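Before any comments, here is the structure.
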Amino acid sequence: MKTAIPATFFAMIFFLCLPAVQAEKEHEQPPPLPPVKAHVQTVSLTRTRPQVELVATIQAVQQAAVAAKVTGTITELPVVLGMRVNKGDLLLKISAEEISARVRQAQAQLAQAERNLARERKLLKRSAATRETVKNMEDMLAVARAAFEEARTMLGYTTIRAPFAGVITRKLVTSGDLATPGTPLIKLENDSRLQAVTGVPESLIALLGKGDRLTVHIPAARATVSGTVAEIAPAADPLSRTAPVKIDLESNAALRTGQFARVVLPVEPATTLLVPAGAVVAAGQMDKVFVLEEGRAVLRLVRTGGRDGDRVEILAGLRPGEEIIVDNNTLLVSGQPIEAVQ
């Protein structure tokens with residue numbers, strides 16, 4: 001007759017053996033990390049000339065917001081957006097019947113004053129009029145002539161012509177609209193001469209002088225052009241603490257008014273740490289580099305600054321004389337062996 005072994009017996013054996021299994025696992029070591037070949041570079045201080053980039057806008061040197069001087073209905077508008085016009089070309093015509101009537105009235109009064117003067121001069125020769133009467137008629141003729149010239153000038157304001165050669169960049173009215181004095185109707189720009197307009201912080205304005213050469217980047221045009229400082233405002237804006245500066249640009253067919261630009265402003269030389277851009281690895285919102293210590297890669301978080309070509313400025317996290325890994329570092333693990341390649 002066989003005796004049944006109680007289940008509690010097996011449970012006791014399991015719990016007695018468990019500590020031994022756990023102790024064996026604790027003594028197991030993780031597999032060693034494979035060595036990685038990478039180029040190593042010693043960090044050193046570099047004397048650089050930092051650059052500050054300022055936001056700018058491309059504008060035409062010569063531009064005009066064409067407005068009416070008289071009130072009237074626009075009857076002719078032969079221009080369209082992007083159209084090129086020459087100096088003196090018709091931009092628009094305004095119908096102002098009251099001005100036309102005033103011209104006819106002034107013209108009639110002028111003719112009457114001329115006849116009156118001619119009659120009095122004939123009477124004076126016959127001694128039938130006085131010199132005082134003739135003098136009064138001459139004064140009345142001068143007044144009538146001035147009134148006629150004024151009315152004719154006002155009539156000339158109903159025809160608006162291009163003040164210079166350029167391109168139509170804005171058209172704010174259409175035929176049939178009412179034009180009123182001082183209200184812009186058309187914007188005309190001479191796009192053959194362009195400039196970058198920017199605001200320079202008051203702390204940096206002393207570094208600029210009229211005639212200085214600056215570099216201007218225009219991302220939309222994928223162009224980099226050279227410019228000459230043409231105007232520097234003598235006073236800073238009290239709100240933005242910047243002074244407007246205008247920079248005349250070299251001719252470039254890819255540039256358009258209104259484009260976004262960046263003006264590179266050189267500042268005083270400085271000494272800083274520069275490392276190859278490949279040495280810096282992005283880690284979320286942080287940047288990291290790997291330092292070579294005793295043949296192994298050691299992770300180091302750093303704070304980066306500006307860029308100088310293919311180099312990155314290190315503001316904190318590294319010291320001069322340390323060796324950093326400059327490539328093959330995206331998958332590195334801190335503590336991994338490194339086979340340095342010079």
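The values are calculated or read from the model by the stated rules, or taken from the named source; none is laboratory data. Computed from a predicted model, the values in this text were never measured in an experiment. FYI the Cβ positions are ideal-geometry reconstructions off the backbone, even for glycines, and counts take in every protein chain you see.
So which of V66, V36, V80 is in contact (Cβ under 8 Å) with a residue 40 or more places away in the chain, among the β-branched types (V, I, T) and loosely packed, with under 13 Cβ neighbours inside 10 Å?
Values: V66 fails: loosely packed, with under 13 Cβ neighbours inside 10 Å; V36 fails: loosely packed, with under 13 Cβ neighbours inside 10 Å.
After applying the criteria, what remains is V80.
What are the residue pairs meeting all of these: first residue in region 240-254, first residue over 9 Å from L194 (Cβ atoms), second residue of a type in the set (D, E), Cβ atoms under 8 Å, and 6 or more apart or on different chains?
Between residues of region 240-254 that are over 9 Å from L194 (Cβ atoms) and residues that are of a type in the set (D, E), the close pairs are R241/E202; T242/E202; A243/E202; A243/D237; P244/E231; P244/D237; V245/E231; K246/E231.
Inspect region 192-200 for any residue being under 29 Å from F164 (Cα atoms), out of contact with any helix residue (DSSP H, G or I) (no Cβ under 6 Å at 6 or more places or on another chain), at pLDDT below 90 and exposed (fewer than 13 other Cβ atoms within 10 Å of the Cβ) and give the result as yes or no. Full working, then the answer.
Residues of region 192-200 that are under 29 Å from F164 (Cα atoms), as a first pass: 192-199.
Then drop every residue that is not out of contact with any helix residue (DSSP H, G or I) (no Cβ under 6 Å at 6 or more places or on another chain), which leaves 192-199.
Add one more test, that the residue is at pLDDT below 90, and what stays is 192.
Next cut, exposed (fewer than 13 other Cβ atoms within 10 Å of the Cβ) only: 192.
Yes - at least one qualifying residue is present in region 192-200.
How many residues does region 291-310 contain that are within 30 Å of L265 (Cβ to Cβ) and not small (G, A, S)?
Residues that pass the stated criteria total 6.
If I filter region 305-316 for residues that are over 23 Å from T48 (Cβ atoms) and among the small types (G, A, S), do I get at least one hit?
From region 305-316, those over 23 Å from T48 (Cβ atoms) are none; that's our starting set.
There is no residue in region 305-316 that is over 23 Å from T48 (Cβ atoms) and among the small types (G, A, S).
Mind checking which strands (runs of 3 or more DSSP E) fall wholly inside region 205-261 and carry at least 3 residues that are closer than 16 Å to D191 by Cα and within 17 Å of the chain's Cα centre (by Cα)?
242-249
Over 23 Å from D212 (Cα atoms) and of a type in the set (S, T, Y), is that true of T242? Even if it seems obvious, please write down each step before you answer.
Working: over 23 Å from D212 (Cα atoms): no; of a type in the set (S, T, Y): yes.
The answer is no for T242.
Are any residues in region 87-129 out of contact with any Phe, Trp or Tyr (no Cβ under 9 Å at 6 or more places or on another chain), touching a residue at least 24 places away in the same chain (Cβ under 8 Å) and not in a helix (DSSP H, G or I), and if so, which ones?
Those that are out of contact with any Phe, Trp or Tyr (no Cβ under 9 Å at 6 or more places or on another chain), touching a residue at least 24 places away in the same chain (Cβ under 8 Å) and not in a helix (DSSP H, G or I): G88, D89, L90, L91, L92, K93, S95.
Right, T75: of a type outside the set (A, V, I, L, M, F, W, C) and out of contact with any Ser or Thr (no Cβ under 7 Å at 6 or more places or on another chain) or not?
On the way: of a type outside the set (A, V, I, L, M, F, W, C): yes; out of contact with any Ser or Thr (no Cβ under 7 Å at 6 or more places or on another chain): no.
Judged against the criteria, T75 is not a match.
Can you find a residue in region 187-200 that is touching a His at 6+ places or on another chain (Cβ under 9 Å) and part of a strand (DSSP E or B)? So that I can check it myself, show each step before the final result.
First, the residues of region 187-200 that are touching a His at 6+ places or on another chain (Cβ under 9 Å): none.
Among the residues of region 187-200, not one is touching a His at 6+ places or on another chain (Cβ under 9 Å) and part of a strand (DSSP E or B), which makes the answer no.
Quick check on T271: is it assigned to a strand (DSSP E or B) and under 14 Å from the mean Cα position of the chain (by Cα)? Full working, then the answer.
Details: assigned to a strand (DSSP E or B): yes; under 14 Å from the mean Cα position of the chain (by Cα): no.
No, not satisfied.
Any idea which residue in region 311-342 is surrounded by the fewest Cβ atoms within 10 Å (Cβ to Cβ), counting only those that are among the acidic types (D, E) and either touching a helix residue (DSSP H, G or I) at 6+ places or on another chain (Cβ under 9 Å) or not in a loop (DSSP other than H, G, I, E, B) (or both)? Full working, then the answer.
Initially, region 311-342 is screened for residues among the acidic types (D, E), giving 313, 322-323, 327, 339.
Next, only the ones that are either touching a helix residue (DSSP H, G or I) at 6+ places or on another chain (Cβ under 9 Å) or not in a loop (DSSP other than H, G, I, E, B) (or both) stay: 313, 323, 327, 339.
On the way: E313: 18, E323: 15, D327: 14, E339: 10.
Top of the filtered list is E339.
Just checking, which of A67, A60 is touching a Gly at 6+ places or on another chain (Cβ under 6 Å) and either of a type in the set (G, A, S) or assigned to a strand (DSSP E or B) (or both)?
Numbers: A60 fails: touching a Gly at 6+ places or on another chain (Cβ under 6 Å).
Going through A67, A60 in turn, just one is touching a Gly at 6+ places or on another chain (Cβ under 6 Å) and either of a type in the set (G, A, S) or assigned to a strand (DSSP E or B) (or both): A67.
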